[in-house]
Amino acid sequence: MRIAVGADHGGYPLKAHLARHLGGLGHEVVDLGPDSGEEPVDYPHYGAMVGRAVADGRADLGLCVCGTGIGIAIAANKVPGVYAAVVHDATTGRLARQHNHANVVCIGARVVGPEAALDALDAFLDATPAPGRHARRVAMVAALDEGRAASQAMEVTGR
């Protein structure tokens, strides 16, 4: 699987750790930067780059890391077609993918330790988007990307 990764300066060490892990699992890592955590950089730039890589098909999934995971997730979610979720552990990693069909996982380097981050990432990668009520809700979110009200998606899905 091809996975785009990006971070800000605060997330760089954890991003590098997780990227090495992904490579060790046999995934193709598309590292969008930064190349070090020495100089301050802005998370919106990297969140958007990861989001665009996923949305345009250059990557199957994305991984973003910043201090809390929140800012970079907000930035990634501004890209239509991106479902970025902040995760903290294996349970939230798994459910982000299963229930919310997330295609970008975001982790906070200041709030999640390296081992919990690995667990969350592995759970995210091992999970499969679930059909049924979850797909219906994801369709409602997709309607928002298209400028339609979520209630209009209910008409499409029959609920």
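The values are calculated or read from the model by the stated rules, or taken from the named source; none is laboratory data. Only a predicted model underlies this, so the values are computations on that prediction, with no experimental measurement involved. Because the Cβ atoms are built from the backbone with ideal geometry, glycine has one as well, and the counts that use them run over all protein chains shown.
Brief remarks on what is shown
- Applying the set (1) in contact (Cβ under 8 Å) with a residue 60 or more places away in the chain; (2) of a type outside the set (Ser, Thr, Tyr); (3) surrounded by fewer than 21 Cβ atoms within 10 Å (Cβ to Cβ) to Gly11 leaves exactly one unmet item: (3).
- Looking at region 35-108, the strands (runs of 3 or more DSSP E) lying wholly inside it that each contain 1 or more residues that are touching a residue at least 40 places away in the same chain (Cβ under 8 Å) sit at 61-66, 104-108.
- Residue check, Ala4 farther than 20 Å from Val141 by Cβ, over 12 Å from the mean Cα position of the chain (by Cα), buried (at least 16 other Cβ atoms within 10 Å of the Cβ) and of a type in the set (Gly, Ala, Ser): no
- Single residue of region 28-86 satisfying the filter (polar (S, T, N, Q) and under 14 Å from the mean Cα position of the chain (by Cα)) that is nearest to Ala142 (Cα to Cα): Asn77
- Taken over region 115-136, the criterion of being modelled with pLDDT under 95 and either in a helix (DSSP H, G or I) or under 26 Å from Arg20 (Cβ atoms) (or both) is satisfied by Arg133, His134, Ala135, Arg136.
- Some residue of region 40-58 being surrounded by 15 or more Cβ atoms within 10 Å (Cβ to Cβ) and either among the aromatic types (Phe, Trp, Tyr) or not assigned by TED's automatic domain parsing to the domain that holds Glu115 (or both): yes
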